[in-house]
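Chemist: The structure's right below; bear with me while I get my questions together.
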Amino acid sequence: MSTSGTLSAGLAFLPGWWQETTDPTAFDGLLAGLVRACGWRAAGFVWPAETIPAVVKVAPAGIGSDAIVPPEVFEVARLIRAGDRTVTVQSPNTSGRVYAGVHTPGRPLGLVWAERLPGQSWSEDERAYLALVGRAMERSPAVAVAVGPMIDPDRIGQRLADAAVIAGRMAHDFDNILTGIMGFADLTIPLLPAGSQQASFVAEIAKVGQRGIVFTQQLHQLNRGGQARPNPGSVIATLGREEVRLRALMNPALRIEKDLPAGLPAVAVEAGPLQAALGHLFENAVDACPQGGVVRVSARVVDLTEAEASGFLGKVSTGQHMLVTITDSGVGIKPDVRRRLFVEPFYTTKVRHRGLGLATTFRIVTAHRGGLQIDPVPPPGTGTQARVVLPLALSRPPSPSTATPPPANPGVHPDAVRTPGPATTTVRG
């Protein structure tokens with residue numbers, strides 16, 4: 001089949017990925033159909049594991065195992081995150097296995113790959129087509145059935161914005177009610193005998209009213225979170241204030257480790273919303289370690305590629321940002337909980353909470369052109385890792401001292417080698 005014929009059939013096949021479905025076998029059928037339409041030897045899909053096993057799909061059946069992650073996947077993922085559109089890996093009995101990324105906001109990077117028979121070389125148009133397949137998969141219902149719900153940042157943002165309007169109105173009304181309750185409780189207590197049962201009852205009313213005020217403050221934060229306030233804010237000062245606040249609440253056996261280099265530039269988020277956003281994440285990390293452990297807090301300037309920016313929930317652009325990472329050593333997020341975060345607004349596993357913290361953080365970072373990721377700590381560690389990127393108050397040209405170093409990964413294939421070239425990369429597998 002000619003290249004033009006293959007591409008025409010492949011382009012005609014693309015809309016199939018967007019058909020609504022809840023059939024768990026739909027993905028396998030689409031992958032097999034893609035192989036036939038494009039005249040490939042085989043195609044596959046790899047979704048990184050949050051727990052074992054990972055999601056691995058191969059078509060046609062018999063070419064590979066659904067339980068085996070190709071060894072080169074870790075290095076391929078690193079190269080695609082660094083900005084490469086496609087990556088080629090040498091593979092026996094083929095003209096090379098070509099990988100492209102499947103970027104889904106707030107989720108791990110997925111990979112789609114294809115193989116051609118020996119002698120059927122890959123053209124640049126065909127590599128670009130495979131990258132387009134990866135983009136089509138990003139919002140595919142069949143992929144969502146295979147790997148779990150996908151997050152639509154625009155949809156979740158609109159739902160939270162609608163809820164925030166109602167929350168603001170309710171908070172205003174409750175403020176008026178609570179002001180009366182607290183005011184009359186304060187006036188009544190001095191009129192009652194000290195230590196009397198009546199005095200203790202009124203004191204309890206005052207305590208309940210104070211808890212109500214805390215709740216309405218959270219509703220106000222959610223309502224105001226969508227307002228951009230890009231005045232310069234200090235990450236170091238903000239995290240310092242939150243540490244002081246949380247030390248009074250946490251287990252004395254909990255240790256806080258900080259990696260906050262002196263001279264970090266300001267971010268384009270003023271103190272109030274910055275403290276609300278980072279404070280919720282910091283408090284979640286402390287809450288995850290009720291028996292003690294370690295909470296690690298770090299910040300550094302990074303230079304995001306397009307692939308890295310697309311992995312964050314929010315509205316992140318390429319270029320320099322401040323990356324704030326808060327990691328705890330708790331039990332971590334269960335896979336079923338992980339899949340529901342942000343997919344369901346206000347989802348929480350805490351009995352006495354209403355899921356306002358992450359919702360507020362999401363609104364704040366999105367309004368300020370930042371982004372958020374929440375993932376399990378990579379094995380062999382345990383716990384949860386929250387990462388926030390925020391634009392700098394003053395943009396500076398990239399420099400070696402502020403660029404993001406390539407992440408170390410113990411799973412990198414030992415024979416993987418990068419070949420120069422901005423669009424494609426070849427790896428020996």
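Just so it is clear, none of the values below were taken in a lab; they were calculated from the coordinates. Owing to the predicted nature of the structure, the values given are computational and were not obtained by experimental measurement. Note: ideal-geometry Cβ built from the backbone for every residue, glycine included; neighbour counts use all protein chains shown.
Chemist: Non-local amide H neighbours of LYS258 (under 5 Å, H modeled in plane, Pro and chain starts lacking H): which ones?
Modeler: VAL297
Chemist: Which percent of the Cα-Cα distances in the range 233-316 go past 20 Å?
Modeler: Tail fraction, whole percent: 42.
Chemist: Mind checking Rg over Rh on the range 16-155, alpha carbons, Kirkwood formula for Rh?
Modeler: Using only Cα positions, Rg/Rh for the range 16-155 is 0.93.
Chemist: Just going by the charge dipole of the range 153-224, with Lys and Arg at +1 and Asp and Glu at -1 on Cβ, which of GLY180, SER200, ALA161 is farthest out on the positive end?
Modeler: ALA161
Chemist: While we're on this one: Each residue of the range 134-151 in turn: what ³J(HN,Hα) in whole Hz from Karplus with 6.51, -1.76, 1.60 and θ = phi - 60°, glycine and Pro shown as x?
Modeler: Values per residue, Gly and Pro as x: x, 5, 5, 5, 4, 10, 7, x, 5, 5, 4, 5, 6, 10, x, x, 8, 9 Hz.
Chemist: I would also like to ask the following. What is the set of long-range amide H partners of GLN320 at a cut-off below 5 Å, with H atoms built 1.01 Å from backbone N?
Modeler: Hits under the 5 Å cutoff: LEU304.
Chemist: Can you list the HN-Hα couplings for the range 265-272, worked out from phi with the Karplus curve (6.51, -1.76, 1.60; θ = phi - 60°), rounded to whole Hz and with x for Gly and Pro?
Modeler: Values, residue by residue: x, 6, 9, 8, 9, 6, 4, x Hz.
Chemist: Same structure again: Please list, short to long, the whole-number percent of alpha-carbon pairs of the range 80-185 in consecutive 10 angstrom bins beginning at zero.
Modeler: For the range 80-185, the binned pair fractions read 12, 27, 21, 12, 10, 8, 6, 3, 0 percent.
Chemist: Something else: Placing one identical point scatterer on every Cα of the range 153-224 and ignoring solvent, what is log10 I(q)/I(0) from the Debye formula at q = 0.13, 0.25 Å⁻¹?
Modeler: The Cα Debye sum returns log10 ratios of -0.49, -1.00.
Chemist: Return the ratio Rg/(2.2 N^0.38 Å) for the range 140-266, where Rg is computed over Cα atoms only.
Modeler: 1.59
Chemist: Oh, and also: Given 10 Å bins starting at zero, what is the percent of C-alpha pairs of the range 235-391 in each, up to the one with the largest pair distance?
Modeler: 11, 42, 39, 9, 0
Chemist: At q = 0.31 Å⁻¹, what log₁₀ I(q)/I(0) does a Debye calculation on the Cα points of the range 94-146 give, no solvent, two decimals?
Modeler: -1.19
Chemist: Shifting gears a bit: Please list, ordered by chain and number, the residues whose modelled amide H lies under 5 Å from the amide H of THR88; skip anything fewer than 5 residues away on the same chain.
Modeler: Close amide H contacts, sequence-distant or interchain: TYR99, THR425, THR426, VAL427.
Chemist: Lys/Arg Cβ at +1, Asp/Glu Cβ at -1, dipole of the range 235-391 taken about the Cα centre: which of LEU390, GLY240, VAL302 is farthest positive-ward?
Modeler: Of the listed residues, the answer is GLY240.
Chemist: Let me ask something additional. At 7 Å along Cα-to-Cβ for each site, give me the label-to-label distance between GLU124 and THR179 in nm.
Modeler: According to this spin-label approximation, the distance is 6.7 nm.
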